[in-house]
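Where a number appears in this text, it was derived from the coordinates with a stated rule and is not lab data. Just so we're clear, the structure is a prediction, and the values are computed from it rather than from any experiment. When we count neighbours, we look across all protein chains shown, and the Cβ atoms used for this are built from the backbone with ideal geometry, even at glycine.
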Amino acid sequence: MGASGFVGSHVTRQLVERGDQVRVWIRESSSTVGFDDLDVERHHGDLDDLAALRTAMKGVDTVFYCIVDARAWLRDPAPLYATNVEALRSVLDVAVEVGVPRFVFCSSVVTIAVAESGLADETMPHNWRHLGGAYIDSRIQAEELVLRQHREHGLPAIVLNVGTTYGPRDHGPTPHGKLVRAAARGKVPAYVKGVSMEVVGIEDAARAFLLAEEHGRPGERYIISERYLPIKDLFDIAAAEGHAKPPGIGIPLPVMRVIGVVGGATSRLLRKDTVVTSTSVRLMHIQTALDHGKATREFGWEPAPIEDSIRAGVRWFLDGQAERP
């Protein structure tokens, strides 16, 4: 479910390459470019179509759920809750009803706590929900729904907390993929100082889903992220691979916070969504480094250095294989 997205399309591809019979669930309007070359069974429908969901989920060994609305900048949070929480609730109810043998859920590193020192891991209770806005709250609610269905109804659900993904076949492209593409073309003149993020190669992230299906423990969460990477390093890697000039101007965080305040005020005044707000600026720097050791210990997940995936993504973009606006 969610095969049209970046993560979902890569999970679909790896399942087909493994030799599985794969059934994908997509809307009639969804892009299929990410899996058009694959032999898959297609089911169409909306997430509130319970009869269609029952048909799609009957007889499967595993449901891989990769649907998310990640537009953290929306002024109206209703779409975030509609997709990330309420639609998921219906899917989980049907999964329990039909007795799905395995449910692997794509969550996010944003549901992991911030550590005061050292690395944060899956055991720490979330401690910054009040600072993250509607997007973070919707992702936490979604994860809570999945784990509650496991506890109360026995759904064999496994939660993967996935970092920001980079690599080839980013057909959308994703917002973070657009930044890599721009940096590879020398079109990112500045970066925000002090900003780092948890990142992972898209193919490593997808492989974690297959490993979790085989070896993950129901009711458990697993961090799927290779490292905590400064945004400046990300841009430098992309620029070097594209033989472009890296960003040379570092914007201090206090300045970025002011820009966020202005962006939010402008958005409210014009009644138009803008990506840069006080909340989105806060999300740039609030998280701390994570420990993915649990995934390594329990199902042998060993991610490659993120540099490899960033470079592969740049080559894919610059080779003209990506859809371009």
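Across all directions, the average projected area of the convex hull around the alpha carbons of the range 1-90 is 6.1 nm². Cβ-to-Cβ counts within 10 Å put LEU119, LEU270 in ascending order as LEU270, LEU119, the fewest first. By other beta-carbon atoms within 10 Å, ranking MET1, MET57, MET124 with the fewest at the front produces MET124, MET57, MET1. For LYS193, a cut-off of 21 angstrom between C-alpha atoms picks up these lysines, skipping any fewer than 8 places away in its own chain: LYS178, LYS232, LYS245. Residues in the range 197-214 carry Karplus couplings, in order, of 8, 7, 10, 7, x, 4, 6, 5, 4, 5, 4, 4, 5, 5, 5, 5, 4, 7 Hz; the curve used is 6.51 cos²θ - 1.76 cosθ + 1.60 with θ = phi - 60°, and Gly or Pro positions show x. Taking Cα centre as origin and charging only the Cβ of basic (Lys, Arg, +1) and acidic (Asp, Glu, -1) residues, the dipole magnitude of the chain rounds to 1240 debye. The charge dipole of the range 264-325, taken about the Cα centre with unit charges on the Cβ atoms of Lys, Arg (+1) and Asp, Glu (-1), comes to about 480 debye, rounded to the nearest 20.
Ranked by how many other Cβ atoms sit within 10 Å of their own Cβ, fewest first, the residues ARG217, ARG139 fall in the order ARG217, ARG139. Set the Cα radius of gyration of the range 154-217 against 2.2 N^0.38 Å, with N its number of residues, and you get 1.45.
Note: the range 195-325, Cα convex hull, 162 Å³ per residue. For the chain, what proportion of DSSP beta bridges, expressed in % and rounded to the nearest 5, is antiparallel? Antiparallel bridges: around 15 percent, rounded to the nearest 5. With the convex hull of the Cα atoms taken as the outline of the range 84-178, the averaged projected area works out to 8.0 nm².
One way to sum up the overall shape of the chain is the equivalent ellipsoid from its Cα gyration tensor, whose semi-axes run 31, 23, 20 Å, largest first. Computed 3J(HN,Hα) for the range 133-144, one whole-Hz value per residue from the Karplus formula 6.51 cos²θ - 1.76 cosθ + 1.60 where θ = phi - 60°, is x, 5, 4, 4, 4, 5, 5, 5, 4, 4, 5, 4, glycine and proline marked x. Across the range 175-190, coupling constants 3J(HN,Hα) worked out from phi with the 6.51/-1.76/1.60 Karplus curve, θ = phi - 60°, read x, 6, x, 4, 5, 4, 4, 5, 5, 5, 9, x, 10, 10, x, 9 Hz, and Gly and Pro carry x.
Using helices alone, what [θ] at 222 nm do you get for the chain, with -39,500 (n - 2.57) per DSSP H run of 4 or more residues, divided over all residues and rounded to the nearest 500? Let's see the in-between values first.
Working: 12 runs with 138 residues, N = 325.
Roughly -13000 deg cm²/dmol at 222 nm, from the helical runs in the chain.
Summarising the amide proton neighbourhood of GLY219: residues at separation of 5 or more, or on other chains, whose placed amide H is nearer than 5 Å comprise ALA157, ILE158, VAL159. Prolate is the label for the range 90-243, because the ratio a/c of its alpha-carbon gyration tensor axes (a ≥ b ≥ c) is 1.5 or higher and a/b is greater than b/c.
Work out the P(r) tail for the range 1-49: percent of alpha carbon pairs separated by more than 16 Å, whole number. Walk me through the intermediate numbers first.
On the way: 334 of 1176 pairs.
Beyond 16 Å sits 28 percent of the P(r) for the range 1-49.
Highest mean packing comes first when the peptides 197-203, 184-190 are listed by Cβ atoms within 10 Å, giving 197-203, 184-190.
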